[in-house]
1. Taking a probe of 1.4 angstrom, what is the accessible area of residue 39 in Å², to the nearest 10?
2. Report the gain in length on full extension from residue 135 to residue 346: 0.36 nm times residue separation, minus Cα-Cα distance, nm rounded to one decimal.
3. Please return the longest range in the chain lying between exposed loop sites, taking GluC sites (Glu not before Pro), DSSP loop only, at most 15 other beta-carbon atoms within 10 Å, and leaving the sites out.
4. Roughly to the nearest percent, how much of the accessible area of the chain is carbon and sulfur, given a 1.4 Å probe?
5. One quarter of the convex hull surface, Cα atoms only: what value does that give for the range 182-295 in nm²?
6. Can you compute the charge dipole magnitude of the range 314-385 about its Cα centre, using +1 on each Lys and Arg Cβ and -1 on each Asp and Glu Cβ, nothing else charged? Give it in debye, rounded to the nearest 20.
7. Keeping all protein chains in the complex and leaving out DNA, RNA and ligands, what accessible area do you get for residue 139 with a 1.4 Å probe, in Å² to the nearest 10?
8. Take 218, 192 and sort them by solvent-accessible surface of the protein heavy atoms, 1.4 Å probe, largest at the top.
Amino acid sequence: MTLDLSFVRSQFPAFDAPALEGQAFFENAGGSYTARPVIERLMRFYTERKVQPYGPYAPSRLGGEEMDEAQTRLACLMGLDRDELHVGPSTTQNVYVLAQAFGEWLGQGDAIIVTNQDHEANTGAWRRLASRGIEVREWRMDPATGHLDPEALEGLLDERVRLVCFPHCSNVVGEVNPVVEITALAHAGGAFVCVDGVSYAPHGIPDVGDLGADIYMFSAYKTYGPHQGVMGVRRPLAEMLPNQGHGFNAGSLTKRFTPAGPDHAQVAALAGMVDYFDALAAHHGTDAAGVHDLMRAHETVLLQPLLDWARARNDVRLLGPSDAATRAPTVALEVTDPAGKAAALAEHGIMTAASDFYAVRPLEGMGVAPDPGVLRLSFVHYTSRDEIDQLLAALDAVF
């Protein structure tokens with residue numbers, strides 16, 4: 001079974017927008033197109049439910065029910081219980097709040113492990129705990145390949161380590177890290193695990209229970225939804241950590257790590273993401289796991305020609321693996337004048353960008369100057385073979 005791309009693209013209004021005709025989108029790692037069910041739910045909420053939710057009158061009651069529906073269904077998709085799902089304004093903010101909770105809970109002499117492969121969201125807030133007397137140990141990637149070696153993690157683990165933070169995959173290296181293996185190592189050493197899934201979830205939202213992670217987070221606006229951060233925290237850990245919300249909400253796990261009030265419409269619209277994944281499953285006669293595999297298989301086939309193009313050139317350094325089966329389709333290239341290359345590609349209808357992408361530490365770890373950074377080409381399952389061909393032709397013209 002293969003992904004029905006015509007059906008997929010019919011679920012995204014962007015592909016019917018005259019303003020985007022002839023444009024191929026290759027900056028999906030910065031934010032994806034939004035699925036039609038999400039847009040429809042946002043429109044309905046803002047039109048019919050834009051009142052304070054959970055009241056006794058119909059628009060209020062229905063608005064609250066939509067918010068509850070969204071959180072219940074998204075938790076189920078992620079293999080979580082309803083009270084293990086937390087929604088905040090962004091993943092960066094979710095991590096920051098969570099780090100404050102750990103900062104109160106950890107004691108002098110406790111240690112945490114972070115990587116230099118991470119986007120700043122899942123490393124900066126944790127590193128600041130050093131000011132509270134928490135030891136911060138760095139699990140460093142290979143400077144040539146960007147690979148995180150689990151054996152190197154074993155050398156950092158001991159009875160003082162309480163938390164290990166690492167990415168499912170980096171937003172510039174792209175290699176998919178073995179979450180199950182790493183989690184097992186950390187748990188064997190008595191540590192909890194926090195996985196940044198921001199760069200992986202757009203390619204298939206995983207079952208957090210299957211991964212074994214204690215914390216898993218991603219950004220809904222990169223997974224075809226509204227601009228919210230989604231975070232799963234398993235109940236035993238959530239119950240241990242100090243409340244970061246209003247004091248009177250301390251008994252509610254779903255409010256413990258979201259000190260600000262929720263964006264009612266965007267929370268409700270999260271259900272549109274699940275609508276979309278459910279529609280994919282029904283159309284292809286499969287389940288959520290099958291949808292994940294269909295998406296990954298489609299992306300892998302399209303990715304290999306781009307990796308082969310980069311590997312064949314002596315004026316381009318490909319960051320991360322050159323085997324599409326081991327990585328996400330987020331391809332960072334060290335090139336001369338990356339911003340100029342991105343602008344030149346735009347003349348050929350290729351929408352992409354050049355930056356450090358908040359990945360200063362991994363770039364420096366691989367000997368790449370964050371300024372000017374890298375040219376990044378990223379796509380997801382709705383990308384077509386024709387768009388890949390358009391990209392490759394544009395790359396040949398620009399390089």
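The values are calculated or read from the model by the stated rules, or taken from the named source; none is laboratory data. Keep in mind that this is a model prediction, so the values were computed, not measured. Here the Cβ is made from the backbone with ideal geometry for all residues, glycine too, and neighbour counts use every protein chain on show. Accessible surface areas use protein heavy atoms only, side chains included; no ligands, DNA or RNA. Shrake-Rupley method; radii C 1.70, N 1.55, O 1.52, S 1.80 Å.
1. For residue 39, the solvent-accessible surface is approximately 70 Å².
2. Numbers: separation 211, 0.36 × 211 = 75.96 nm, distance 4.54 nm.
In short, 71.4 nm is gained.
3. 160-346
4. Numbers: 7890 of 15310 Å².
Carbon plus sulfur share of accessible area: 52 percent.
5. Details: hull surface 32.3 nm².
For the range 182-295, averaging the hull's shadow over all directions gives 8.1 nm².
6. 280
7. Here the residue's solvent-accessible area equals roughly 0 Å².
8. From most accessible down to least: 192, 218.
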